[in-house]
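Enquirer: The following block contains the structure, expressed as structure tokens.
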């Protein structure tokens, strides 16, 4: 059986990270793909806001000023993290909101086509299905390549392109098996072909190194609560500067424009991507997200991404040696932190529950993707993965 272990220097670095994540003391936390553990710094930032609201009330003369400063701080942190400018960042409640903003901001014509994959999360598939119903859009599925290489994925999309293809919409990392799609190549190809690109970054943002401006993507939506370690109720939408004027806001409100005239219906959209922010932002959650982003900066996101990829690769290599275990995650040049599998003759929910009782917090995916999914965080100990492999070897045997 494969045994994983960190060297002394790496172990000390990981231990410094783990000291800020109290939830890790209970069990092997291997479900970052659903919720990341909350850093102590994020909790303290949220509690500070709540304490002030409890003591002083939720409104005071500095309310608007503090909210603006907090939102600006968060946008600046996100811009620095993902290679953007702050005016390309819209703060949203979740990933799905960002995807809807992008999809419904397009001036669709009946018969327009969207290319996507068969392994998308419902957060993208449901809005696409609604576009089919309400706008007459056609959704075409690309064939999953036999090998998840950059060229193979690019060819898969190019092969399905037609004269009516308007958008490609896909996940940076597939939530089902951890395949990493080549966003740089797909973004550049789409730009060259005059096609818009909309990306679900739920399993990539914070887990992989992403330079979104360089990628030439048009829209990229991400959650705060997964690999960015923020609280739930937070999300982000990147809108490329070149697309802001043509992506029409579908839901608008107090924060969406700089002026509104009730007499003649006049409306001047806010500058940049802020026009997609509808109303008051949840400042408690926003404070938590800003603190989590700052905390990650302290621990070097580039190192974190390399460790996540290395752990995902090592775990996949070890699991493929277990008889009776069907590995769904494929070998690829740059692995994500997600590893999915099935145990022969066992329901995924049953395997997940049994692993939970043994001290491993994992997730089972529902049908049609029924499987067990492990998320390797940069805080994950290699010794935890060794124990997981041992438990699965006994279970499959």
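Enquirer: Condition check: free of Cβ contacts under 8 Å to residues at least 24 places away in the same chain, in the same structural domain as residue 375 (by TED's automatic domain parsing) and more than 22 Å from residue 79 (Cβ to Cβ). Does residue 312 satisfy that?
Expert: Here the answer is no, as residue 312 does not meet what is asked.
Enquirer: Need the failing condition index for residue 247 against (1) under 30 Å from residue 42 (Cα atoms); (2) buried (at least 18 other Cβ atoms within 10 Å of the Cβ), just the number.
Expert: Here residue 247 clears every test but (1).
Enquirer: Return yes when residue 60 is part of a loop (DSSP other than H, G, I, E, B), modelled with pLDDT under 95 and more than 20 Å from residue 234 (Cα to Cα) and no when it is not.
Expert: yes
Enquirer: Helices (runs of 4 or more DSSP H) wholly in the range 282-397 with at least 2 residues that are at pLDDT 95 or above and over 24 Å from residue 174 (Cα atoms) - which ones? Give the derivation first.
Expert: Numbers: elements: 283-298, 301-319, 348-357, 382-396.
Counting at least 2 such residues, we get 283-298, 348-357, 382-396.
Enquirer: Quick check on residue 134: is it assigned to a helix (DSSP H, G or I), buried (at least 21 other Cβ atoms within 10 Å of the Cβ) and without any contact (Cβ under 8 Å) to a residue 60 or more places away in the chain?
Expert: It is false that residue 134 is assigned to a helix (DSSP H, G or I), buried (at least 21 other Cβ atoms within 10 Å of the Cβ) and without any contact (Cβ under 8 Å) to a residue 60 or more places away in the chain.
Residue-wise test of (1) in contact (Cβ under 8 Å) with a residue 60 or more places away in the chain; (2) farther than 16 Å from residue 301 by Cβ; (3) surrounded by fewer than 23 Cβ atoms within 10 Å (Cβ to Cβ).
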site	(1), (2), (3)
188	no, yes, yes
194	no, yes, yes
198	yes, yes, no
211	yes, no, yes
217	no, yes, no
221	yes, yes, no
235	yes, yes, no
242	no, yes, yes
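Enquirer: Checking residue 252 against (1) touching a helix residue (DSSP H, G or I) at 6+ places or on another chain (Cβ under 8 Å); (2) outside any loop (DSSP other than H, G, I, E, B); (3) at pLDDT below 95, which single condition isn't satisfied?
Expert: Among (1) touching a helix residue (DSSP H, G or I) at 6+ places or on another chain (Cβ under 8 Å); (2) outside any loop (DSSP other than H, G, I, E, B); (3) at pLDDT below 95, the lone unmet condition for residue 252 is (2).
Enquirer: Out of 79, 23, I need the residue that is touching a strand residue (DSSP E or B) at 6+ places or on another chain (Cβ under 8 Å) and either under 27 Å from residue 213 (Cα atoms) or assigned to a loop (DSSP other than H, G, I, E, B) (or both). Which one?
Expert: When all the criteria are applied, what remains is 79.
Enquirer: Which pairs turn up if I take residues in the range 7-20 that are outside any helix (DSSP H, G or I) and look for partners that are surrounded by 11 or more Cβ atoms within 10 Å (Cβ to Cβ) with beta carbon separation below 8 Å, at least 6 apart in sequence or on another chain?
Expert: Sorted first by the residue in the range 7-20, then by its partner, the pairs are 20/39; 20/40; 20/41; 20/295.
Enquirer: Consider the range 105-130. How many of its residues are closer than 16 Å to residue 197 by Cα and free of Cβ contacts under 8 Å to residues at least 40 places away in the same chain?
Expert: 2
Enquirer: From the residues in the range 365-396 that are in contact with a strand residue (DSSP E or B) (Cβ under 8 Å, 6 or more places away or on another chain), without any contact (Cβ under 8 Å) to a residue 60 or more places away in the chain and surrounded by fewer than 24 Cβ atoms within 10 Å (Cβ to Cβ), which one is nearest to residue 19 (Cα to Cα)?
Expert: Taking the candidates together, the pick is 391.
Enquirer: From the list 169, 188, exactly one residue is over 20 Å from residue 100 (Cα atoms) and assigned by TED's automatic domain parsing to the domain that holds residue 217. Which is it?
Expert: Working: 169 fails: over 20 Å from residue 100 (Cα atoms).
The match here is 188.
Enquirer: Restricting the search to the range 145-173, which residues are outside any helix (DSSP H, G or I) and more than 24 Å from the chain's Cα centre (by Cα)?
Expert: Residues satisfying the conditions are 146, 161, 162, 163, 164, 165.
Enquirer: Would you check which residues across the range 121-130 are out of contact with any helix residue (DSSP H, G or I) (no Cβ under 6 Å at 6 or more places or on another chain), surrounded by 15 or more Cβ atoms within 10 Å (Cβ to Cβ) and assigned to a helix (DSSP H, G or I) and list them? Full working, then the answer.
Expert: Quick first cut of the range 121-130, residues out of contact with any helix residue (DSSP H, G or I) (no Cβ under 6 Å at 6 or more places or on another chain) only: 121-122, 125-126, 128-130.
Narrowing the set further to residues that are surrounded by 15 or more Cβ atoms within 10 Å (Cβ to Cβ) leaves 121, 125, 128.
Once the filter is applied, which keeps residues that are out of contact with any helix residue (DSSP H, G or I) (no Cβ under 6 Å at 6 or more places or on another chain), surrounded by 15 or more Cβ atoms within 10 Å (Cβ to Cβ) and assigned to a helix (DSSP H, G or I), the range 121-130 yields 125, 128.
The values are calculated or read from the model by the stated rules, or taken from the named source; none is laboratory data. As the structure is a prediction and not an experimental result, all values here were calculated from the model. Note: ideal-geometry Cβ built from the backbone for every residue, glycine included; neighbour counts use all protein chains shown.
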